[in-house]
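Visitor: Before we start, here is the structure in question, set down as structure tokens.
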């Protein structure tokens, strides 16, 4: 007896669903690898700066708040120069 059209479609749905699940697992794996690579890059950059562990939080806070970090020109002065 021949397989019905709906059974063929259901089989194809199951096949595609399995492939989607495999690809989603692969995507999660790649995202994790990317995160680990980014973290390694950040650690390398920070270690290359020779900043002590006690000074690091203050440095990061300064960067986050838009601190100058050795620059003598403010952001507003930069905008005026470009206009």
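Visitor: Tell me which residues, restricted to segment 64-80, are at pLDDT 90 or above and in a helix (DSSP H, G or I).
Guide: Passing the criteria: only 64.
Visitor: OK, next. Going by the conditions given, is residue 60 at positive phi and modelled with pLDDT under 90?
Guide: no
Visitor: Before we move on, is residue 46 at pLDDT below 90, assigned to a helix (DSSP H, G or I) and within 25 Å of the chain's Cα centre (by Cα)?
Guide: So residue 46 fits the description; yes.
The values are calculated or read from the model by the stated rules, or taken from the named source; none is laboratory data. Every value quoted in this text rests on a predicted model; they were computed, and no experiment measured them.
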